[in-house]
Amino acid sequence: MTATPIHSSGAHAGRYCVLVHGGAGNVPVERRALHTAGCLRAARAAAGILAAGGAALDAVEIAVRALEDDPLFNAGTGACLNEEARVEHDASIMEGRDLRAGGVCALAGFANPVAVARAALEEGRHVLYAAHGAARFAIARGFVPAGDAALITEAARAALTAAQAGGGAISWAGSTVGAVARDAEGRCAAATSTGGMVNKRVGRVGDSPIIGAGTYADDEAGASSTTGNGEAMIRLSVARAVAERMRAGARAEEAARAEIARALGRLGATGGLIAIDREGRWGIARSTVTMSWALAGELGEVSGI
Ligand code: ASP
């Protein structure tokens, strides 16, 4: 993925808001409106929860579930495929009051991995479940496997065929999803979900399920969700680094921009992220051509790509 000049924006979002992303990448011009509309639908659904006095944690789960259910995005239904043409999902979720967190990685066969991650957060025994153990945990918690047939789209198959025809290159799928929110009580939360990369090795895990890399929330700082070059995001602990900048007083947009610049400058890695700080200011930044996003909250709605 080629780097473009870093683009960022942000403002104050009122007492409560939810901000979602539909992944860093390069969405063709004719499909951009679809991606923005998908983000807006998800943000709207989640903002309803916040408007009714609901919790940021519920809002980010609802938003990410909506994006997982939308086959346009690389998460849940429509997620990209690994080298064996199977789906392996990564997802995580975190809340900022007690720093509870849950994640699943290399999880096959479930439509809403973020909901399984939420179940891990609620149970509180372990933070991260992998592969067969994650599936076993999901079933024990009452989740019904959807199976690959229900989750794999024609577009995902075509992307794998193209990647394998091109010498088996592992290519960046784009369209990972994530959400951050702050509720009227000042609680923050974040969640991220993805199929990862097209033609990835079986068992490859990216940044999205890793607390501190793909997802982080702390009411004393803010919340962030990342997308892009997952290996780099892990090595730089980007989501946590954004939070630390906000804890030190940076606005969400400044923190987002600084970390996207650091990934590019230090490792030549491209990507994007969304953030909300403890004051309720939101920020987005990307070094890719596109990153669809939408915000909905007390002061209204705004979206872009
Ligand atoms: N960060 C994701 C991963 O590496 C991919 C993406 O955001 O598109 O799994």
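Please treat every number below as a calculation from the coordinates, not as lab data. Source: prediction; values computed, not measured. Here Cβ is always computed from backbone atoms with ideal geometry, including for glycine, and neighbour counts include all displayed protein chains.
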Self-check item: Relative contact order for the chain, counting Cα pairs under 8 Å that sit 6 or more residues apart, in percent
Solution: 29 percent
Exercise. Calculate, in whole percent, how much of the Cα-Cα pair population of the range 262-302 lies beyond 15 Å.
Key: 53 percent
Practice problem: At a temperature of 20 °C and a viscosity of 1.002 mPa s, determine how fast the range 191-305 diffuses translationally according to Stokes-Einstein, using the Kirkwood radius over alpha-carbon pairs as Rh; express D in µm²/s, rounded to the nearest whole number. | Solution: 153 µm²/s
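Per the Kirkwood formula on distinct C-alpha pairs, the Rh of the range 1-83 is how many angstrom? Walk me through the numbers on the way to the answer.
Numbers: mean 1/r = 0.0701 Å⁻¹.
This gives a value of 14.3 Å.
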Quiz prompt | Equivalent ellipsoid dimensions for the range 49-198 as semi-axes, Å, which come from the Cα gyration tensor, largest first | solution = 28, 17, 12
Quiz prompt | Neighbour count of at most 16 Cβ within 10 Å plus DSSP loop: longest GluC sites (Glu not before Pro)-free window in the chain | solution = 85-184
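Only loop residues by DSSP count here, and only those with at most 15 other Cβ atoms within 10 Å; note down the trypsin sites (Lys or Arg not before Pro) in the range 123-179 that meet that.
Arg125, Arg141
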Quiz item: Once amide H atoms are placed 1.01 Å from N in the peptide plane, what residues at a sequence separation of 5 or more from Ala146, or on another chain, have their amide H within under 5 Å of its amide H?
Solution: Phe110, Ala111
Practice problem: Would you mind checking the radius of gyration and Dmax of the range 138-236 based on alpha-carbon positions, in Å? | Solution: 16.3, 52
Practice problem: Compute the relative contact order of the range 2-122 as a whole-number percentage, counting only Cα pairs closer than 8 Å that sit 6 or more residues apart in sequence. | Solution: 17 percent
Practice problem: Just the Kirkwood number for the chain, please: inverse of mean 1/r across all distinct Cα pairs, in Å, one decimal. | Solution: 18.1 Å
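How long is the gain from Arg15 to Arg32 if the chain were fully straight, where each residue apart is worth 0.36 nm and the alpha carbon distance is subtracted? Walk me through the numbers before you get to the answer.
Numbers: separation 17, 0.36 × 17 = 6.12 nm, distance 2.95 nm.
Computed gain between Arg15 and Arg32 is 3.2 nm.
Suppose we keep just the DSSP beta bridges with both residues in the chain; what percent of those would be antiparallel, to 5? Display every interim value, and only then the final one.
On the way: 58 of 63 bridges.
In the chain, DSSP labels about 90 percent of beta bridges as antiparallel.
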Exercise. Just name one of Cys80, Phe110, Gly133: the one whose Cα is farthest towards the positive end of the charge dipole of the range 66-219 (beta-carbon charges, Lys/Arg +1, Asp/Glu -1).
Key: Gly133
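Which percentage, to the nearest 5, of the DSSP beta bridges contained in the range 224-305 is antiparallel? Write out the running numbers ahead of the final one.
Details: 15 of 15 bridges.
Percentage antiparallel, nearest 5: 100.
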